[in-house]
Amino acid sequence: MSNSPYVFDATADNFQQKVMDASMTTPILVDVWADWCAPCKQLMPILEKLAEEYQGNFELAKVNADQQQELTASLGVRSLPTVILVKKGQAVDGFNGALPESEIRQVLDKHVEAPAEDPYEKAQALWESGDVDGALVILTELNQKDPENLDVLIDLAQLKAEQGDLETAEQVLNSLPPEEKMQHKAKQLAARVKFMKQSGELPPMAELEARLAENSQDPEALHQLSLHKVLRDENAEAMELLLRLMQADSTYKEGVARTTLVELFEKLGSGNPDVRTYRRKLYTLMH
């Protein structure tokens, strides 16, 4: 039984009011189903998910065919599941069987207003596409409306860091409650700010690569090139360079190679496949 305000059980007693009359203002998707029907059980979670996602732009009426036999017959149902879209008192569309979610969306979008885009998700999409300024505008507005939203705050700081404003990013980090500083996103931000500060005076990549071509064990070149790679999100290459640095000189700058590797693991998170690979390599090298 769904707890969604957009999903309800339709019966012969309430069908006129909750489906036919209600459809004059809100489209109603009628799902006729039964407990013994396997495709019904595949379909229903998808319909419930969509009803929640569309946030009231349509409602889902569930008709139990076994319990509502007369209603089912009056709807002309011949197979299960049967889905009927009712709008302004008329059946305007529908389908039989358990369709994929993408095809159900196509049916809905012909008759139902699309759900409003979540501004936080829009900001994330803009960020991923490279539109940092667009993401920053949305996140700034969200932060002004809800200053206590730490996800928005940390994302804002991350964007500021990407724009080179490390001072603002550090101020945000320092303002976080102690328990929030231990959260993965905050740790990621702290690691990125540290890498960016370290990279402030790095020589050009081409110069470092030329030095390594002459001496593949040059510890300074290995370290500095690894920082370049981190900032370019070429993390596997960065980890490989840091392992090479440990092999060349594990004591360089008080063991900075191992320290940087661990910070990079923390920045990316334990679920990252490169982290799993290079954590094993680090363990093997140390033992």
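Scanning the range 26-53 for residues that are surrounded by fewer than 20 Cβ atoms within 10 Å (Cβ to Cβ) and more than 25 Å from the chain's Cα centre (by Cα) turns up THR26, ALA34, ASP35, TRP36, CYS37, ALA38, PRO39, LYS41. Counting only helices (runs of 4 or more DSSP H) that sit completely within the range 171-251, those holding 3 or more residues that are of a type in the set (Asp, Glu) and free of Cβ contacts under 8 Å to residues at least 60 places away in the same chain correspond to 205-214, 235-249.
Looking across the range 1-25, the residues that are part of a helix (DSSP H, G or I) and either surrounded by 15 or more Cβ atoms within 10 Å (Cβ to Cβ) or not assigned by TED's automatic domain parsing to the domain that holds MET44 (or both) come down to PHE15, LYS18, VAL19, ALA22, SER23.
One residue alone among LEU222, LEU208 is surrounded by 21 or more Cβ atoms within 10 Å (Cβ to Cβ) and under 22 Å from LEU282 (Cβ atoms), and that residue is LEU222. Of the helices (runs of 4 or more DSSP H) lying entirely inside the range 92-170, those containing at least 3 residues that are in contact with a helix residue (DSSP H, G or I) (Cβ under 9 Å, 6 or more places away or on another chain), assigned by TED's automatic domain parsing to the domain that holds ALA38 and in contact (Cβ under 8 Å) with a residue 24 or more places away in the chain are 101-109. Filtered by the rule that a residue be touching a Phe, Trp or Tyr at 6+ places or on another chain (Cβ under 9 Å) and not aliphatic (A, V, I, L, M), the range 11-28 gives ASN14, LYS18, THR26, PRO27.
The values are calculated or read from the model by the stated rules, or taken from the named source; none is laboratory data. Quantities reported herein were computed from a predicted structural model and do not represent experimental measurements. Cβ coordinates were reconstructed from backbone atoms using ideal geometry, including for glycine residues, and neighbour counts include every protein chain displayed.
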